[in-house]
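Taking it in order: structure first as structure tokens, then the write-up.
The values are calculated or read from the model by the stated rules, or taken from the named source; none is laboratory data. All values derive from a computational prediction rather than experimental measurement. A quick note on method: Cβ atoms are made from the backbone with ideal geometry, for glycine too, and the neighbour counts reach across all protein chains shown. Heads up: the accessible areas ignore ligands, DNA and RNA and are worked out on the full protein's heavy atoms, side chains in. Shrake-Rupley method; radii C 1.70, N 1.55, O 1.52, S 1.80 Å.
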Amino acid sequence: EALRERVASGRTVMMVAVDDGQPVAIGSHQPVDVDGTEVSEVVGVATLPRFRGRGLGAGLTSALVEHARQTADLVFLSAGDDDVARVYERAGFARVGTSCLAERPAERPPR
């Protein structure tokens, strides 16, 4: 329900690649206004394993970026590993930094 609301309100834009009427790759971008600057993050780009190596991920990424740039001043994404980063580089992205994550520590059991 939350995703439907995000799509309906334009806070998530989803695209799907289909083969024989079945989804084989998917991705989205999430526009947000940050102090008057429109920014959008490309997220969730994934291709079914048997369809990888055909350019679907790069094609979807390019289509999402083209759509996002119609309104966004900045479009960004994060790659999970070097193989994924190479797909994004072919779609026109440049590596500019390193992401670091911090997780909440697990709660300690009572003594």
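Testing the spin-label approximation: label points 7 Å from Cα along Cα→Cβ at Arg4 and Val18. State their distance in nm.
1.9 nm
Name the longest site-free stretch of the chain, where the excluded sites are GluC sites (Glu not before Pro) in a DSSP loop with no more than 16 other beta-carbon atoms within 10 Å. Let's see the in-between values first.
Working: sites that count: Glu1, Glu103, Glu107.
Of all site-free stretches, the longest is 2-102.
Let me have the relative contact order for the chain, percent, based on Cα pairs under 8 Å that are six or more residues apart. Can you show the working numbers first?
Details: 138 pairs, mean separation 21.3, N = 111.
So the answer I get is 19 percent.
Give me the percent of DSSP beta bridges within the chain that run antiparallel, rounded to the nearest 5.
Values: 16 of 19 bridges.
Given both bridge residues lie in the chain, the antiparallel proportion sits at roughly 85 percent.
Rounded if a/c is under 1.5, else prolate if a/b beats b/c, else oblate: with a ≥ b ≥ c from the C-alpha gyration tensor eigenvalues square-rooted, which is region 1-91? Don't skip to the end; give the middle numbers.
Working: a/c = 2.21, a/b = 1.36, b/c = 1.62.
Verdict is oblate for region 1-91.
Averaged per residue, what accessible area in Å² does the chain show with a 1.4 Å probe, protein chains only?
Numbers: 8430 Å² over 111 residues.
That works out to 76 Å² for each residue.
Leaving out ligands, DNA and RNA, and with a 1.4 Å probe, what % of the accessible surface on the chain is carbon or sulfur? Please report the intermediate quantities before stating the final value.
Numbers: 4260 of 8430 Å².
Taking all protein chains in place, the chain shows 51 percent carbon and sulfur surface.
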